[in-house]
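Everything on this sheet refers to the single structure shown next.
The numbers here are math on the coordinates, done by the rules we state, and not lab data. The structure displayed is predicted, hence computed values, not measured ones. Neighbour counts are summed over all protein chains in view; Cβ atoms, including those assigned to glycine, are modelled from backbone coordinates with ideal geometry.
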Amino acid sequence: MAHPAKRLGVAVVAGLGVGLAAALVVLMSSAWGRFQLSRTWLTITGRLPWKLMEFLEDSHRRGILRLAGGSFEFRHVVLQEWLGSTRQAEVGQSP
C-alpha cells in the first residue's frame with residue numbers, strides 16, 4: 001500500500017486538474033468567459049494591450065474610434081479597409 005503522504009499528493013494533483021478542467025468548461029459556456037479567455041491569451045501573446053479598455057477609451061478620445069451602441073468602430077473607412085487588407089495579405093488571401 002502506498003505511503004499516505006504520496007496518496008495525498010496524488011489526490012491534490014488530481015483535484016487541481018479536475019478543478020481546472022471544470023473552471024475551463026464554465027468559462028467556455030458563457031460569452032463573458034470566452035471573451036476573458038481570448039483577451040488573456042491575446043494579451044499574453046502580445047497581440048492586445050494589457051489595459052484594453054484604457055486603450056479603447058484613449059482611441060475614442062483621439063477620434064480614431066467611435067462608439068456604435070455597445071461597441072467601438074474605426075471612424076475612418078480608409079483605415080478600416082487598410083487594416084483589413086493588411087491582415088488578409090499576412091494570411092495570404094486576396095483583399
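Given C-alpha coordinates of the chain, what is the ratio Rg to Rh with the Kirkwood estimate of Rh? If you can, show how the numbers build up before the last one.
Working: Rg = 21.6 Å, Rh = 17.4 Å.
With Rh from the inverse mean 1/r over Cα pairs, Rg/Rh is 1.24.
Mind checking the full-extension length gain between M28 and L83? Use 0.36 nm per residue of separation minus the Cα-Cα distance, one decimal, nm.
Details: separation 55, 0.36 × 55 = 19.80 nm, distance 2.89 nm.
Full extension of this stretch gives 16.9 nm more.
Tell me, what is the FRET efficiency for V13 and L56 to the nearest 0.05, using R0 = 35 angstrom and their Cβ-Cβ distance as r? Numbers along the way, then the final one.
Values: r = 40 Å, r/R0 = 1.14.
Here the calculated transfer efficiency is 0.30.
Measure nothing fancy, just the Cα-based angle from helix 77-91's long axis to the longest principal axis of the chain, in degrees from 0 to 90, nearest 10.
Value to nearest ten degrees: 50.
Using a basic spin-label model with each label point 7 Å from the Cα along Cα→Cβ, how many nm lie between A21 and R39?
2.8
Count the net charge of all other residues whose Cβ sits under 14 Å from the Cβ of G63, scoring Lys and Arg as +1 and Asp and Glu as -1.
Details: positive: R61, R62, R66, R75; negative: E57, D58, E73.
Value of the local net charge: +1.
Any idea what the relative contact order of the chain is, in percent, if you count C-alpha pairs under 8 Å spaced at least 6 apart? All intermediate terms of the calculation are to be shown ahead of the outcome.
Values: 35 pairs, mean separation 8.1, N = 95.
9 percent.
Tilt of helix 31-44 relative to the longest C-alpha principal axis of the chain, in degrees (0 to 90, nearest 10)?
80
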